[in-house]
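Read-outs throughout are calculated quantities, based only on the coordinates presented, and are distinct from any laboratory measurement. Model, not experiment: these values are computed from the prediction. When we count neighbours, we look across all protein chains shown, and the Cβ atoms used for this are built from the backbone with ideal geometry, even at glycine.
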Amino acid sequence: MQPDGSISQAVSLAKARLTSLSSHLRTSKPKIVVCRDLGPDVMPLLVKRDDLEVVLWTEDCVCDREWLLKNVQGAAGIVIVFSELVNAELLDAAGPNLKVVSTMSVGYEHIHVPELVERNIRLGYTPDVLTDAVADISVMLALMAGRNANETMGIVREGLSLIKVSHTSNISPSRTVGFLGFGRISHATLARLIPFGVTDCIYSSNPNSATSSKKERDEAILKQHHPQLKSLRPVDKDTLAKESDVLFVLAPGGPSTRHLVNEEFLRKMKKHSVLVNVGRGTVVDSDALAKALREKWIWGAGIDVVEGEPHVGKDHPLVKEPRCNILPHIGSASFETRLAMATLAVENCLAGISGQEMPAELDVKAL
């Protein structure tokens, strides 16, 4: 046992160290971990500030998990994209200084929201800015799938004689477009489809939305596209599957929407119909869609999001299907859109660590 004087000296030394540590924490720069190089137009918003410590994953690939767990320690903010999983493991590694998670995406199913609520951590996201870009890709994929672009481009790649190849497209006598999820991107997609001859629109969306506001919104959309658009109406999922010539999946991800489009749903669709998924990969059962294409329950598919991404290889069931036109999640990949998203993600993070109002904050406690 130490003499009383030694104990007193040890206690005093420990207090001094705690005081020094506390002072260091009060005066040290807030640390922000950025999981993707946001480019020369956006990174200066962070790295040119003298009052921040910025830690950046510089590789041109998905951020390494071990690197992130190590470098997130003590961070006040994190800027991520959809490939980074924000769960208890990451938040525990970050520690109590973490104030904000800012994702460069409109979706947030890669984030365990209840964990944020428990720790009182704010969440920034990037809605609105990608609406037009994703709507453009939606229409492009519908046209590609309708004309069977992937399979027919294979003819060119294989060097076959084009004039000897007979091909038909999914010409339909009707023009009914369907939407699983009917938010901003769906509205923008519908507007782009009107010049292609769409006359009727059906949709299935969040049942918790107010019926009166839906009715007013639908009346406004019909008026906007009059006289080309003849009808716009909400339907149940069975009707959506049975009546859509082209079905756009634009529902959010998460457990409540996982595999809404499954084998049962796909069997109800028309043989000439096309399915387009630009929402979330988990909404569509990949195995069921591959089977539907292989056995020709539907004409084709165009997808920008794939279940299991970013780890999608040659053995993925949809990659093997020639009637499936796949893009590598580039719905928002226009220069203007990515620039706006990156800028908004940084602005959200900076506002979050300083306790200010964020330009686009998701109210995690209301979810």
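Ser28 versus Gln73, label points 7 Å from Cα toward the beta carbon: distance in nm?
Output for this residue pair reads 1.0 nm.
Compute the distribution of all C-alpha to C-alpha distances in segment 220-367, in bins of 5 Å from 0, and list the percent of pairs in each, rounded to whole numbers.
P(r) for segment 220-367, in whole percents per bin: 2, 8, 14, 16, 15, 14, 13, 10, 6, 2, 1, 0.
Please report the net charge: other residues with Cβ closer than 11 Å to the Cβ of Pro328, K and R +1, D and E -1.
-2
Using a cut-off of 13 Å between beta-carbons, work out the net charge of the residues near Trp57 (Lys and Arg +1, Asp and Glu -1, Trp57 not included).
-3
Which distance in Å, rounded to a whole number, links the C-alpha centroids of segment 264-303 and segment 304-341?
Between the Cα centres of segment 264-303 and segment 304-341 lies a distance of 16 Å.
Near Leu222, within a Cβ-to-Cβ distance under 12 Å, what is the net charge of the other residues, with Lys and Arg +1 and Asp and Glu -1? Each step should come with its number before you reach the end.
Working: positive: Lys215, Arg217, Lys223, Lys230, Arg233; negative: Asp200, Glu216, Asp218, Glu219.
Overall, the nearby charge balance is +1.
Considering only DSSP states other than H, G, I, E and B, which GluC sites (Glu not before Pro) in segment 251-300 qualify as loop sites with at most 10 other Cβ atoms within 10 Å?
Glu295
For segment 274-280, take each phi angle, set θ = phi - 60°, evaluate the Karplus expression 6.51 cos²θ - 1.76 cosθ + 1.60, and give the result in whole Hz per residue in order, putting x for glycine and proline.
Each residue of segment 274-280 in turn: 10, 10, 10, 10, 10, x, 9 Hz.
What are the residues whose amide H is under 5 Å from the amide H of Tyr203, where those residues sit 5 or more places off or on another chain and H is modelled from the backbone?
Residues meeting the amide H criterion: Phe179, Arg233, Val235.
Reported to two decimal places, what Rg/Rh ratio describes segment 90-158 when computed on Cα atoms with Rh from the Kirkwood expression?
Result for segment 90-158 is an Rg/Rh of 1.28.
Taking a ≥ b ≥ c as the square roots of the eigenvalues of the Cα gyration tensor of segment 254-329, is the shape rounded (a/c under 1.5), prolate (a/b larger than b/c) or oblate?
Oblate, because a/c is 1.5 or more while a/b does not exceed b/c.
Hey, what do the phi angles of segment 225-238 turn into as Karplus ³J(HN,Hα) couplings, whole Hz, using 6.51/-1.76/1.60 and θ = phi - 60°, x for Gly and Pro?
Residue by residue, segment 225-238 yields 9, 5, x, 4, 7, 8, 8, 8, 8, x, 9, 7, 5, 5 Hz.
Please turn the phi angles of segment 120-135 into ³J(HN,Hα) values with the Karplus equation 6.51 cos²θ - 1.76 cosθ + 1.60 (θ = phi - 60°), one per residue in order, whole Hz, x for glycine and proline.
Running phi through 6.51 cos²θ - 1.76 cosθ + 1.60 with θ = phi - 60° gives 6, 9, 7, 10, x, 9, 10, x, 6, 5, 9, 4, 5, 5, 6, 4 Hz.
Between Val276 and residues 5 or more places away or on another chain, which pairs have amide H atoms under 5 Å apart, with H built 1.01 Å from N, and which residues are they?
Long-range HN contacts for Val276: Leu247, Phe248, Val249, Gly302.
Just order 186-198, 75-87 by mean Cβ neighbour count inside 10 Å, highest at the front, would you?
Ranking the peptides 186-198, 75-87 by packing returns 75-87, 186-198.
Around Val54, which amide H atoms from residues at least 5 apart in sequence, or from another chain, sit under 5 Å from its own amide H, with H modelled in the peptide plane?
Ile32
Which shape class, rounded, prolate or oblate, goes with segment 191-251 when its Cα gyration tensor gives a ≥ b ≥ c as root eigenvalues, a/c under 1.5 marks rounded, and past that a/b bigger than b/c marks prolate?
Oblate is the answer for segment 191-251, as a/c is 1.5 or above yet b/c matches or exceeds a/b.
Viscosity 0.890 mPa s, temperature 25 °C: what is the translational diffusion coefficient of segment 131-326 from Stokes-Einstein with a Kirkwood Rh over Cα pairs, rounded to a whole number of µm²/s?
Roughly 143 µm²/s, to the nearest whole number.
Using the per-residue mean of other Cβ atoms lying within 10 Å as a proxy for protection, in what order, highest first, do the peptides 302-311, 240-249 fall? Each step should come with its number before you reach the end.
Values: 302-311: 19.4, 240-249: 24.0.
So the peptides 302-311, 240-249, ranked by packing, come out 240-249, 302-311.
Give, in nm to one decimal, the length gained when the segment between Met153 and Arg65 is fully stretched (0.36 nm per residue of separation minus the Cα-Cα distance).
Length gained, Met153 through Arg65: 27.9 nm.
Run through segment 254-342 and list the trypsin sites (Lys or Arg not before Pro) located in a DSSP loop whose Cβ has at most 11 other Cβ atoms within 10 Å.
Sites meeting the loop and neighbour criteria: Lys271, Lys296, Lys314.
Label 7 Å along Cα→Cβ of Ser334; segment 88-131 residues with amide nitrogen under 15 Å?
Residues 128-131 fall inside that zone.
Per DSSP H run of n ≥ 4, the term is -39500 (n - 2.57); total these for the chain, divide by its residue number, and report the mean residue ellipticity at 222 nm rounded to 500 deg cm²/dmol.
Dividing the helical sum by the residues of the chain leaves -11500 deg cm²/dmol.
Modelling each spin label as a point 7 Å along the Cα-to-Cβ direction, I'd like the Lys296/Leu367 distance in nm, to one decimal.
4.4
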